[in-house]
1. Taking the residues in the range A:263-276 that are buried (at least 24 other Cβ atoms within 10 Å of the Cβ) and farther than 16 Å from A:L99 by Cβ as candidates, determine which candidate is farthest from the other protein chains (Cβ to nearest Cβ).
2. Only one of (1) in contact with a Phe, Trp or Tyr (Cβ under 8 Å, 6 or more places away or on another chain); (2) under 18 Å from B:A323 (Cβ atoms) fails for B:A491. Which number is that?
3. Give the number of residues within the range A:161-190 that are part of a loop (DSSP other than H, G, I, E, B) and either within 23 Å of the chain's Cα centre (by Cα) or at negative phi (or both).
4. Hand me the list of helices (runs of 4 or more DSSP H) wholly inside the range B:372-478 holding 3 or more residues that are modelled with pLDDT of 90 or more, more than 21 Å from the chain's Cα centre (by Cα) and not charged (D, E, K, R).
5. Do we have any residue at all in the range A:43-51 that's away from chain B (no Cβ under 14 Å), without any contact (Cβ under 8 Å) to a residue 24 or more places away in the chain, within 19 Å of A:L81 (Cβ to Cβ) and out of contact with any Leu (no Cβ under 6 Å at 6 or more places or on another chain)?
6. Taking the condition of being of a type in the set (V, I, T) and surrounded by fewer than 17 Cβ atoms within 10 Å (Cβ to Cβ), how many residues in the range A:153-205 meet it?
7. Only residues that are in contact (Cβ under 8 Å) with a residue 12 or more places away in the chain and assigned to a helix (DSSP H, G or I): list them for the range A:142-160, please.
8. Within the range A:61-109, work out how many residues are at the interface with chain B (Cβ under 10 Å from one of its Cβ atoms), of a type in the set (S, T, Y) and closer than 17 Å to A:I289 by Cβ.
Amino acid sequence: MLSYFIKRVLAFIPTLIAASMLIFLFIHLIPGDPAAVLLGDTATPEDIAALTRELGLDEPIWRQYIHWFGGVIQGDLGQSLFFKTPVLSVIADGAETSLLLALMTMTWIVIFGVPIGILSATHHGTWIDQLTSGFAIFFASIPTFWLGLYLILFFAVGLGWFPSSGFPSISDDGGWRNLRYLLLPSLTLAAPNAALIIRLVRSSMLDVAKEDHVRTAKAKGLSPAKIAIKHVFRNALIAVAAAFGFTFAALISEAVVTETVFSLPGVGRLVVQSILRRDYPVIQGVILIIVLLYLSINLIVDLAYGWLDPRVSLQ
Amino acid sequence: MKVRSMFRVAVLAAAFGFGAAPAMADGMLRYATVGEPPSLDQHVLTSDLATTIAHHMFEGLYTFNAANAPVNLLAKGDSVSDDGKTITISLRDDVTFHDGQAMTSADVVASMQRWGEHGSRGPLLFGNVESIEASGDHEITIKMSAPFGPWKNLLAFINGGPAIYPASVMEGATKEPITPEQYIGTGPFKFSEWEPNRHVELVRFDEYASPEGEPDGYGGARKAEFDSIRFMPVPDVGTRVAGLQAGDYDYAESIPGDLYAEMEADANVKTILNGGPIFGLVFMNSKEGPLKDNFALRRAIQTAIDKTPALQVAIGPEGLWRANGSFLPEGNVWYTDSGADHFSKGDAEASKTMAAEAGYEGDPIKFMVSTNYPFHYDKAIVYTKQLAAAGFNIDLQVYDWATLIEKRAQPDQWDLFFTHHGFVPDPILISVMNDDYPGWWTTAEKADLKAKFTASSDPAERQAIWGEIQALIYDQVPTMKTGDVYTYNIASPKLNGLGDATLIWPHFWNVSK
């Protein structure tokens, strides 16, 4: 187990190097010049050339890459061209929002998605199944920006229960109470994802329910609830575990629309804004960290398989 | 299990939501911006958003009153020699920087020198400056090679203008914007923090020495009533509006025309027009391509376009736009209708004849536009249809803004491109007057009129020359003005001291809640 883990972690290195080269190359291939964006509409070509030189962007691309990657190895992702602060601190700031938002969203997904999925599977073919499946399809289909804006209108503008937007850090005034800023966004993000989990739990459980060991359990006279949880759901979890892992990664990297609607300072919005500003070091840093996140989650999911199903060999 | 989970939801909702104290005290003004500026350094940047924030911290020697005339701010008085070549400016002696140092002529000279060499608009003035030196602790003297009429307007315009920083900050400062630790000014608010993606915060500067006189535009006495101002990026307009209605923001900028009627009708929202209109410009390539020096063909393009339907489509309510051919708006000293009868003909037949006479044979004309600014794109679509109706073969190329500004610097990449221009107090600051601005309009007729325009210090004479320049723009068509757009912001009705319109950028000294 330990040697498997170490081998997998070592395998990260070539993947990360290849990813870093691709990221660097693609970002520098997009037309657009950070110096021109920084200086604005009235800048002359001489101004732009001078700033490009000052920012070190006039060097050959391979030299810029070596310079950047040399820093990355030492844990230095460089300086944001736009904010003039270390990329790591810019990302750390966004990561706080994104991680808390993803955790809160995952909580809703587990609280709503899993029980409703089980209910739907155990009442397969009845009105309960049709009702829950109908709701799941409805929530999977509505666009998040629409749901988000309606939640804001209803709960923030209409009832005034929650703040409409923004997210002060939990280290600012308010502490953990600031999490209330994330309640509406996390519900918005959870809706389509919980709906998918409901569908997945339902279909995996129905698959497992057809297997021999379930028939044996029924023949032994076990209670339906015990069969559903211990014999069906436990086995169905394998497929669901992978979905949880990748949903979590996607929640961190792809929550751009929700972050925009609720004006949250998260990683998704940071990367989109940085692309528009051509803030190369930030884009490179964020994407590299997201690659690392996906690799790690992939590993965790694989390890979880072994735990959930001892028949899966990790060697 | 379901019941238990529902119970947890209710507990969480109660914990986070109900009874939550108001997030911010009344001493803070919360301003929802469309995004974040690249920096707040006024010398090198012309971003309006940067100025909206920065002019609370940084001040120049002069500023503008409500009539857009320059008035003293850090300056106490000035005199110009009879030959117009020597300008002596005396400075106020009661001004301190946010770091506690007193402001002296050394700071002013250092700031002016950096702005003159590296600033966005500085080289325009410093092209004529022979020397600038401290002629006393609180006096500077500028020697010019030739009289330069717009000097005071240039010094008063803080956007891309000569904000006064401490000499220590100016040491070694170049084209690269200064960093937030160096944001030391003399204004009523001082820099507190910039949390990327969250906010820029300014706090009241308690030792602020205000200029004297009744508040008038940006001139006169300034008093910081708020403890702090937070500028928060809220890129989604729906969120800016909902946030203001919910009381999470006190002020939100750049609200689209479609919502104007609704906002006007809402008692919980005050609408504030931006007094200085912005105007779209379609530049033509004077360096390469089919439009290079074919003024007749350019006039044919100009004749094909009717600006009004594009303004209706792109902006909406009539109160927010004006199909005005004068480069500066009605009521402004620079308003003139000279040449403006060519502004919006919309005559496809006449255009076809003119194009044929100009030798146009249906070659593609590359028209670049960006979707970052929806009104650029909407207008470009209308123009493309109108030009097609007049027989032009328009190749519309849609890019993001960063790509467009790179491509427009390459003369072989385009024939027309769409941009817009902020309000400026002197026509010399309009981009088409700059020979290096993409489009590169450098005809002998322009050079001749521009030289006369800058050499004159007589306001009436300068206005007359500007009329001739505007007529020349409609004749040689280096750019096409697309009409005035009055953007608007919304504010909480609880704010006191806001007018119905801003002068150029909103300001929050003399404003309270």
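The values are calculated or read from the model by the stated rules, or taken from the named source; none is laboratory data. Everything numeric here is computed off the predicted structure, so don't read it as measured data. Every residue, glycine as well, gets a Cβ built from its backbone with ideal geometry; the counts of neighbours run over all protein chains shown.
1. A:S274
2. Only one criterion is unmet by B:A491, namely (2).
3. So the count comes out to 13.
4. Values: elements: B:374-389, B:401-407, B:444-455, B:459-476.
Filter on the range B:372-478 gives B:374-389, B:444-455, B:459-476.
5. Our first condition is that a residue be away from chain B (no Cβ under 14 Å); within the range A:43-51, this holds for none.
No, there is no match, as no residue in the range A:43-51 is away from chain B (no Cβ under 14 Å), without any contact (Cβ under 8 Å) to a residue 24 or more places away in the chain, within 19 Å of A:L81 (Cβ to Cβ) and out of contact with any Leu (no Cβ under 6 Å at 6 or more places or on another chain).
6. Initial filter on the range A:153-205 (of a type in the set (V, I, T)): A:157, A:170, A:188, A:197-198, A:201.
Remaining after also requiring surrounded by fewer than 17 Cβ atoms within 10 Å (Cβ to Cβ): A:170.
Here the count works out to 1.
7. A:T144, A:F145, A:L147, A:G148, A:L149, A:L151, A:I152, A:F155, A:A156
8. 4
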